[in-house]
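> The following block contains the structure, expressed as structure tokens.
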Amino acid sequence: MSVRIAKWLPIQVNMDALVIGALLHDYFLYDWHDGKGRHLHGFTHPECAFRNAEKDYTLSPRVKNIIIRHMFPLTPVPPTCTEAWIVCIADKICAIEETLFRR
Ligand SMILES: [Fe+2]
């Protein structure tokens, strides 16, 4: 979805950062439906995903921004680069599609 949006936009996009960030944005590595009281998952998982990704990969500042900011506006600080905005919006589109059409 992020690549589709990026190709549609008439602006320059760092596709490497976009794809890496899109793949790692939910790299929290646990099942948040496991009944362990993860009620704050929506607020906390971007930081968790970033910490996990940082352990396993070398991340550019742009990729970090994608991962950390993808839950805006649930988390209050907005993305600061085009690629992070694209993944943030793609995430909402996918969530809406999954909620409305796949359950
Ligand atoms: Fe997420």
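The values are calculated or read from the model by the stated rules, or taken from the named source; none is laboratory data. Being a predicted model, the structure only gives us computed values, none of them experimental. Note: areas computed on protein heavy atoms with side chains; ligands, DNA, RNA excluded. Shrake-Rupley method; radii C 1.70, N 1.55, O 1.52, S 1.80 Å.
> What's the long-distance tail for the chain, i.e. % of Cα pairs beyond 25 Å?
Details: 941 of 5253 pairs.
Above the 25 Å cut-off, the chain has 18 percent of its Cα pairs.
> Let me check something: with ligands and nucleic acids excluded, how do His41, His33 order by accessible area (1.4 Å probe), largest to smallest? Write down the numbers at each step before the final one.
Numbers: His41 15, His33 130 Å².
The most accessible residue leads, giving His33, His41.
> I would also like to ask the following. So what is the accessible area of region 58-103 per residue, in Å², with the probe set to 1.4 Å? Don't skip to the end; give the middle numbers.
Numbers: 2810 Å² over 46 residues.
About 61 Å² of surface per residue is accessible.
> Let me ask something additional. Between Glu97 and Leu74, what length in nm is gained on full extension when 0.36 nm per residue of separation is reduced by their alpha carbon distance?
Working: separation 23, 0.36 × 23 = 8.28 nm, distance 1.83 nm.
Length gained between Glu97 and Leu74: 6.5 nm.
> Still on this structure: Among all the lysines, which ones have a C-alpha under 21 Å from Lys7's C-alpha, if same-chain residues fewer than 8 places away are not counted?
Answer for Lys7, where 21 Å is the Cα cut-off: Lys92, listed by chain and number.
> In addition: Hey, which lysines would be in cross-link range of Lys55, C-alpha to C-alpha under 23 Å, not counting anything within fewer than 8 residues on its own chain?
Output for Lys55: Lys64.
> Length gain on complete extension for the stretch Ile5 to Asp26, per 0.36 nm per residue less the alpha carbon to alpha carbon distance?
Numbers: separation 21, 0.36 × 21 = 7.56 nm, distance 1.88 nm.
Full extension from Ile5 to Asp26 adds 5.7 nm.
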